[in-house]
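> Before anything else, here's the structure in question.
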Amino acid sequence: MKLIKSDMMELKLNIAGLIEQIKKQKKVKKAILQVPDGLKTEAQNIIDKLSTATKVQFYLDIEPVYGACDLASNFLESINADLIIHLGHSKFCETNKKVIYWPTYYDMAAEELNILSKNIEEKLKLKKISLVGPIQYSKIIRELEKQIKNVKIVKTTKTNLLNESQILGCDTSILDEITDKVDAIVYIGDGNFHISALPQKVQIYQLDNLDIVLYDQKDELKSKIMSEYIFKNAKNIGILVTSKIGQNNYTIGEKIYDNLKKQGKNPYLLIADFISYDKIMGLKLDCLVNTACPRIIDDKENYKIQIINYKNVLKYI
Ligand code: SF4
């Protein structure tokens, strides 16, 4: 089933495979379907197909879904459902609930793949590189790895959470072993959500239609230095904790709280499910420490006060 089509590629859902997986589950009468926000326009169509083929009753989770960490496990009991189907992302959370993670994948036509691989060869001739991207781009990455010549491709190894070549906005650990062994990383994907999580000590290239261009990390570096400076000088500090199952780091939040107290600061533990800037309006804080999804800081302009990810403050506490 085609979900999104652009000039360069198509996002596809293997709906027959998903129906088969649902049928294999025992005693499923009611299920919750989660789809990333970008696929909501197709959600009703998907539910129609799934419910006709499986006779399962479906609820659509209409909360924002940014990743597989946003698992709707708290809804299961409220509506007495048996299964969560999480579309678009790979497995993230360990849970005793029944969950089917069902990623979607981009395909690129042979002609476009050929142009892109030639452009990568030309720009990075004789260099050592690694190709990475979100799970949706993994088929394209496999094709490029086969086609690219005159460039040494250093492959990543899968981890418990990540598949080969896969990165998340909160986890690029597949690169830990190879960052020192490559001249550049080529990011195959879209937007800033994932690319801004990549290590800052190696050259990064990103897609520019069917070509690649150097990704400028200067702004991220400046912003990191600035946020650390403000954190060190802040007195009233909010520590953001989310109740989302895959992003809940309350023990880290409490550790930071205890250490800040010892330093004579005024920390406050703040909890929400979906964290957004409007929820901290009215609070008198100099700085926020974020223990939830690290990509929340991509929305920093809206927060009005400095926000810093917890990993960047651990060295100061
Ligand atoms: S925590 Fe953020 S970056 Fe990580 S999977 Fe969830 S939404 Fe994606």
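The values are calculated or read from the model by the stated rules, or taken from the named source; none is laboratory data. Given the structure is predicted, the values throughout are model-derived calculations rather than measurements. Quick reminder, even Gly has a Cβ in these numbers, built from the backbone with ideal geometry, and neighbours come from all protein chains shown.
> From Lys262, Lys304, Lys284, Lys255, which residue is surrounded by fewer than 18 Cβ atoms within 10 Å (Cβ to Cβ), within 27 Å of Ile195 (Cβ to Cβ) and either away from the ligand (no atom under 16 Å from the Cβ) or among the charged types (D, E, K, R) (or both)?
Criteria check complete, one pass: Lys304.
> Would you check which residues across region 133-161 are touching a Leu at 6+ places or on another chain (Cβ under 7 Å) and without any contact (Cβ under 8 Å) to a residue 40 or more places away in the chain and list them?
Glu143, Glu145, Gln147, Asn150, Val151, Ile153, Thr156
> What number of residues in region 80-116 are more than 16 Å from the ligand (Cβ to nearest atom) and farther than 14 Å from Ile15 by Cα?
Here the count works out to 18.
> Against the conditions (1) in contact (Cβ under 8 Å) with a residue 24 or more places away in the chain; (2) on the phi > 0 side of the Ramachandran plot; (3) not assigned by TED's automatic domain parsing to the domain that holds Thr179, where does Asn209 fall short? Just the number, please.
(3)
> From the list Ile271, Ile308, Ile296, exactly one residue is farther than 22 Å from Val65 by Cβ and in contact with a Ser or Thr (Cβ under 9 Å, 6 or more places away or on another chain). Which is it?
Criteria check complete, one pass: Ile308.
> How many residues does region 139-158 hold that are under 18 Å from the mean Cα position of the chain (by Cα) and loosely packed, with under 14 Cβ neighbours inside 10 Å?
1
> Report, ordered by the first and then the second residue, all pairs with beta carbons closer than 6 Å, sequence separation of six or more or different chains, a first member in region 296-307 that is assigned by TED's automatic domain parsing to the domain that holds Asn192, and a second member that is more than 16 Å from the ligand (Cβ to nearest atom) and β-branched (Val, Ile, Thr).
Matching pairs, first to second residue: none at all.
> Kindly list the number of the only condition in (1) of a type outside the set (Ser, Thr, Tyr); (2) loosely packed, with under 12 Cβ neighbours inside 10 Å; (3) more than 28 Å from Lys244 (Cα to Cα) that fails for Asn96.
Every listed condition holds for Asn96 apart from (3).
> Which one of Lys139, Lys149 is in the same structural domain as Asp208 (by TED's automatic domain parsing), more than 16 Å from Ala197 (Cβ to Cβ) and at pLDDT below 95?
It is Lys149.
> Which condition does Thr242 not pass, out of (1) crowded, with 18+ Cβ neighbours inside 10 Å; (2) more than 16 Å from the ligand (Cβ to nearest atom); (3) closer than 27 Å to Ile280 by Cα; (4) of a type in the set (Ser, Thr, Tyr), if it passes all the others?
(2)
> Cβ contacts < 7 Å: first residue farther than 16 Å from Asp258 by Cα, restricted to region 231-244; second residue among the hydrophobic types (A, V, I, L, M, F, W, C) and assigned to a strand (DSSP E or B), any location; separation 6+ or different chain. Result?
Thr242/Ala272; Ser243/Ile271
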